[in-house]
1. Give me the pairs: first residue in segment 397-418 and within 15 Å of Arg280 (Cα to Cα) and among the hydroxyl-bearing types (Ser, Thr, Tyr), second residue within 12 Å of ligand 2 (Cβ to nearest atom) and in a loop (DSSP other than H, G, I, E, B), beta-carbon distance under 9 Å, and six or more apart or on different chains, which are they?
2. Within segment 251-299, track down each residue that is polar (S, T, N, Q), within 16 Å of ligand 1 (Cβ to nearest atom) and under 21 Å from the mean Cα position of the chain (by Cα).
3. Could you give me the residue pairs with C-beta distances under 6 Å whose first residue belongs to segment 570-582 and is among the hydrophobic types (A, V, I, L, M, F, W, C), whose second residue is surrounded by fewer than 22 Cβ atoms within 10 Å (Cβ to Cβ) wherever it lies, and which are 6+ apart or on separate chains?
4. Yes or no: segment 198-212 includes at least one residue that is away from ligand 1 (no atom under 15 Å from the Cβ), surrounded by fewer than 20 Cβ atoms within 10 Å (Cβ to Cβ) and among the charged types (D, E, K, R).
5. Here are Ala106, Ala121: which of them is in a helix (DSSP H, G or I), at pLDDT 95 or above and not polar (S, T, N, Q)?
6. Can you tell me which residues in segment 292-308 are small (Gly, Ala, Ser) and in contact (Cβ under 8 Å) with a residue 60 or more places away in the chain?
7. Quick one: which residue in Leu272, Leu264 is within 19 Å of Val303 (Cβ to Cβ) and within 13 Å of ligand 2 (Cβ to nearest atom)?
Amino acid sequence: MTQDNVQEYISNVSTNGDSDADETEEWLEALEDVIQVKGPERTIFLLNKLVEKGYSQGIKLPFTANTPYVNTIPADQDPVFPGDRVIERRIKSIIRWNAMAMVVRANMKDPSVGGHISTFASAATLYEVGFNHFFRAKGEKFDGDQVFFQGHASPGIYSRAFVEGRISLKHLENFRRELARGGGLSYYPHPWLMPHFWEFPTVSMGLSPITAIYQARFNRYLQDRGLKDISKGHVWAFLGDGETDEPESLGAITLAAREKLDNLIFVINCNLQRLDGPVRGNGKIIQELETIFRGAGWNVIKVIWGDDWDALLARDVSGKLVQRMNECVDGEFQKYAVESGDYIRKNFFGKYPELLKMVEHLSDTRVKKLRRGGHDPLKVYAAYLAATQNVGSPTVILAKTIKGYGLGEAGEGKNITHQQKKLNEQELKHFRDRFDIPIPNSKINTAPFFRPEPDSEEMQYLLERRQALGGFVPERRTVTVSLQLPKKALFDEFYSGSDREVSTTMAFVRMLTVMLKDEKIGKRIVPIVPDEARTFGMESLFRQCGIYSHVGQVYEPVDANTFLYYREATDGQILEEGITEAGSMASFTAAGTSYATHGEVMIPFFIFYSMFGFQRVGDLIWAFGDLRGRGFLLGATSGRTTLNGEGLQHEDGHSHVLASTIPNLLTYDPTFAYEIAVILQDGMQRMYQNNEDIFYYITLGNENYKMAPMPKGVEEGILKGLYKFRRAPRSQRKTALKAHIFGSGSILNEALRAQEILSDKFNIAADVWSATSYKELRREALEVERWNLFHPTQKPRKPYLSQVSEKEEGPFVAASDYMKIVPEQVTRWVPGGLYSLGTDGFGRSDTRAELRRFFEIDAECIAIAVMNQLRLRGKLKAEVVKKAIAELGVDPNKSNPVTS
Ligand SMILES: Cc1ncc(C[n+]2csc(CCOP(=O)(O)OP(=O)(O)O)c2C)c(N)n1
Ligand SMILES: [Mg+2]
């Protein structure tokens, strides 16, 4: 049975199928007695007993996680509203008006500016109750609540900030015109663009819910590890009902329940519509979400009906009204939002004569005005209060609203409403009258902004409420951090190289282990891993730092008698996230922004299978950049041929292409342990001492080889992206043909082998360079070039890459385990260009040697490419190259890796 069928079945059994009304009455009376006399606990006990008894006799109740389509909190349990409803309505109306006006005015000036009116119009009460009674600001001793605002509702949040006096008229005028004189407002919440205002970028839908869940969990982590007391704060996430279709929205809700995150509250604005039309025209989004969240173990509070319905529901003795509410689908409810009272009377109540009678005393206008729960401040307040008082589970509030509420003919409840941004004079008047905004007819056509006088009742009230809640929300605090970083000596063991063959992953894990033991930064490190710790050889950290679990370890682990047993602990440091790169990235986000959110600097290291990073959760990484997050991403088992046996879906040859798109991300593809040590130290210096809003992506490989000792004076080159690692043999330097090979990651070893081949067999003297970061080389070169562009009369500056390569005699050939385009991004700053070898094409399973030949990045193919470049410069004859191809055993007719 589907949930809909179950609902129908229960409905039929409980209403139509009553073959003995007297008997039913007796049972119900008995139940009523128990409720009144013994209370809810006993009632639940008895009901469960009845169900159990039924089961034992073969009576199987069909499963449903749904409750009837009414408010979870019954009217008689609504708390007293602590505010002044009249003033709050006036404030809300003013905020509604300005939110609408900023979009309409912007589009009067330039119709291409865009904007959204109807999302906030539907959510105004949900936000205003929060602002007046719940959202606590950051304070001296309290970090406040973290509120994730729905991105498209931003006009309302700006409008409030304008009324509060935090945003100037100029800014409001320049809504969506960030480049305008005097500054503008970023349309969506972007900490990158408004670093003192927005805390969380939410507009790529689905990212905010998952990030909020992990934020709430990270708050617990800080608490449990004794780093900061965050027990009083709440995380609020405001979502659209359409947004819940994004897999990330619901993908982590079981974690929230499992971890008993009662500091987390989701508010889902169920206006029943998304961009194109209804979210579930043929079903009921609220009921669907209720099932999902209840099934996952959340506390679900439905806010469906406003208080106008209380009296009707109180008279619904037979249950017919609830039945009608249950049976109507969202498509019908949406229609009621746009239709007249007469239509609602006929079509909703009119289905059953009993219901028609129920509303006969109400005029059509009153019937039309029967409000939905999400527009009723009392019902919303009741839900919020219950949510903040709930213990032991996260809460989701499913609030039913109307999209474009108040827009009337201009779009209220209509399918086009999401994109409505122009109101004509008539529509503006309607809006003004509906919300009593004191704007005269003579001015209405310009939709002027309206801010009450500072000494008005509204302003006094609004500011007093915010003061009581500690200040304004949202606010992002830009804190200057200064961590005491470990001395360089901590990394000494990595500078001298190793006789043993190890991988860069092993080297990194060793560095992490050492840093975790460091007195100064050790406890600030947050290792994050999505069920790959053993793959990366990190299991020793289980014992050393413990795996974080709020409840500790309530079982004896199967490997308890081994040294490296699976140790879970309340103060565990590792976030072992299970198989969720998105969840891990959300944890990385909470940790990497903790310096701003909580004023508590944390150093996250998120280590993952590189193929499942940018390719899988690229949008979360983009958002991390927007968030000014700081930390280290480690793409392990990277390189299309270095990870050899795993084939097409695992072998990463493009994460450096994807990573190159994020402006404030530094990327490195190192070969040796000392390079990683230099990069990590510089990263910590820049992020946690110099307060730069940057983060790092470092690829690590699983190929074992001897780690070279660090040559002298290469630190700068490592960080800038290129340095000469090994010159050609001295004996050939003056006499032989010259060439240069840039190698990255494990392919640097192939470049070194190519150097030998060229030297031994063909008397060609090639210098080998370690190219740690093409992205950095390009970034710096572009910066210099741009300076030169705008300063034509001044002495031109020279990019680092030009400086180090201009005196060298080419050709230059690059080889990496990534796509050819990675080195090609710096071609124009290399004399004569840079010929690039790479791993374009799908990966496949084989040995490293076979794969490198297949992708033409092995030593032999590098040597051939170098010789061919010499041929193109007229320094070698074609015949010589042809012979070399044969001698090196490369089949000139081999298959093309790009197309095969
Ligand atoms: C990942 C993603 N896909 C698509 C969009 C474009 N988009 C913006 S709002 C919207 C509809 C939103 O509907 P809903 O979540 O129900 O919010 P409402 O405006 O109804 O409150 C869409 C499709 C987006 N912002 N992010
Ligand atoms: Mg919606």
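The values are calculated or read from the model by the stated rules, or taken from the named source; none is laboratory data. Every value quoted in this text rests on a predicted model; they were computed, and no experiment measured them. Because the Cβ atoms are built from the backbone with ideal geometry, glycine has one as well, and the counts that use them run over all protein chains shown.
1. What qualifies is Thr401/Asn271; Thr401/Leu272.
2. The answer is Asn269, and nothing else.
3. Final answer for the pair search is Ile574/Ile547; Ile579/Asp531.
4. no
5. Step by step, each of Ala106, Ala121 is checked, and only Ala121 is in a helix (DSSP H, G or I), at pLDDT 95 or above and not polar (S, T, N, Q).
6. Gly295, Gly297, Gly306
7. Leu272
For (1) at positive phi; (2) aromatic (Phe, Trp, Tyr); (3) surrounded by 17 or more Cβ atoms within 10 Å (Cβ to Cβ), each residue gets a yes or a no:
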| site | (1), (2), (3) |
| --- | --- |
| Ile679 | no, no, yes |
| Lys712 | no, no, no |
| Gly721 | yes, no, yes |
| Phe725 | no, yes, yes |
| Arg733 | no, no, no |
